[in-house]
Amino acid sequence: MKMRANENGLLMQAVRRTLNALRAVALLEFLVAAARARIVATHIFQGVAHRFLVGVPAVRTVHMAMLVVVMIVIMVVVAIGAMNMGLLVHRFYSANKSGAHYPANRDEAVSAYFDSHMIANLSMLIFSSVFQRLCILMRRANLMTRQERIARAIAASGMKKGEIAAQCGVANSAVTQWISGESKSLRPENLYALARATGFRAEWLAIGEGPEKEAPFDANVALIDQPNMSFRYPVISWVSAGSWEEAVEPYPDGFSDRYEISDYDSKGPAFWLEVKGDSMTAPTGVSVPEGMMILVDTEADVQPGKLVIAKLPASNEATFKKLVEDGGTRYLKPLNPAYKMIECGADCRIIGVAVRMTARL
C-alpha cells in the first residue's frame, strides 16, 4: 500500500508539472494575443480617424470594429465558461469525499484532476490562438488603401494640391489621380518626392507597413545642415555624343547653348541627352520614354545591366541601350521588346553610363 501511495504521489507531481507547463504556455499565448489586440485596436482607431479626416466614409471600419468587439465578447464568455466548468468538476471530485460521486480510488482522482485542469488550460490555448488569428485578419482588413494613405499624408501636411504638385514636379491632375485612385501605379521618384513633401515614410505610403513617420531624433542631438550641391552639365546632340573623344576639356564653356542642373557629382566629363524614339520604352519595369533627359557620366563604371551610351561603327550617332552579357559576348539590348539586340563587339565603343533621368513638362 505504501508503494502504491508513493506511485500515486509521483504521478500527481508529474501531472502538476505538466499542468503548470500548460498554464505557462497558455499565459504566454494570452499575452501575445493581448499585445496583438492592442495593435489591432490602434489600427482600427487610426483607420476611423483617418477616414473621417480625409472625408472617406467610415461605415466599413465602424462595422468591422463592432464585429470584432462582438466576437471577442463571445470568445471570452466561452473561454470563461469552459474554465469555470473545469474548476467546478475539480472541486466536485475533491470536496465531496464521501458519497457516490467520490472516485473509488486514487487513479480515478488523478484522472479527474487532470481532465478538469486540461479543460481550463486547453480552453485558454484555443481562445488565445483563435484571437491571435482574428487580430491578424482584422489588421490586414483595416489597412487603408494607397489613395487613402496619400490623402491622409497630404491632409496632415497642411499643403494644397498645387503645392504638393510643385514639390513633386508633376501636374495638379496627377495629384488628384493619386488621391482618387485613378492612377493605378505611382512612379518611385514621385513616391519619394511625395514622402519628402509630406514628411511621411515612403514605405507606409506605398504598402501601409511600419510607422507613418520616422521616429524623432533625441532632443540632445542636433542636425547639421548639409550643403545642397548642384552641378551644371551641357545638353548635347546624339551626333556630338557619338563623336566624343577623351580629352582634358571635352566640353569647354560655350560649347553648348543649353545647360541643365543635377545633384550628381560626375566622376568624369558628363553631359545631358534627350531620348529619341521608343526603343527604351518598356511595357513594365524600368522605362525611359521619348523626351526624357538622361545624364551620361563618361567615367562611370561600365558593367552588364547598366544603361549605356555606345557608338557603333556603322552609325555617326550614339545609341542608348542596356548593356547585357551572354556567354562572354556583350550585347546592346533595347528595353522595348519590339526591337532586336545588337552585338557590342570590339569595334563598339562605350561612351558613358546613364546615371540620372528626368523629364521636362
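Please treat every number below as a calculation from the coordinates, not as lab data. No experiment lies behind these values; they were computed from the predicted model shown. Don't worry about glycine lacking a Cβ; one is built from the backbone with ideal geometry, like all the others, and counts go over all protein chains shown.
T145 to A282: FRET efficiency via 1/(1 + (r/R0)^6), r the Cβ-Cβ distance, R0 41 Å, to the nearest 0.05? Can you show the working numbers first?
Values: r = 27 Å, r/R0 = 0.65.
E between T145 and A282, to the nearest 0.05, is 0.95.
With r defined as the distance between the Cβ atoms of E290 and I207 and R0 fixed at 35 Å, what FRET efficiency is calculated, to the nearest 0.05? Walk me through the numbers on the way to the answer.
On the way: r = 31 Å, r/R0 = 0.89.
The value I calculate is 0.65.
Placing a pseudo-label 7 Å from each Cα along the Cα-to-Cβ vector at D326 and Y192 gives an inter-label distance of 3.1 nm. How much net charge surrounds Q177 when only other residues with a Cβ under 13 Å from its Cβ are counted (Lys, Arg +1; Asp, Glu -1)? Summing Lys and Arg as +1 and Asp and Glu as -1 gives +3. Straight-distance candidates among the lysines for linking to K340, with alpha-carbon spacing under 16 Å and chain neighbours fewer than 8 residues away dropped: K321, K322.
A Förster radius of 25 Å combined with the Cβ-Cβ distance from V239 to M341 puts the calculated FRET efficiency at roughly 0.60. What residues of the stretch 281-301 lie in the reach of a label at K267, counting those whose backbone N is under 12 Å from a point 7 Å from the Cα along Cα→Cβ? Under cut-off, by backbone N: 297-301.
In which sequence would W178, W272 go, from the one with the fewest C-beta neighbours within 10 Å to the one with the most? Mind showing how you got there, number by number?
Numbers: W178 25, W272 21.
Result, fewest neighbours first: W272, W178.
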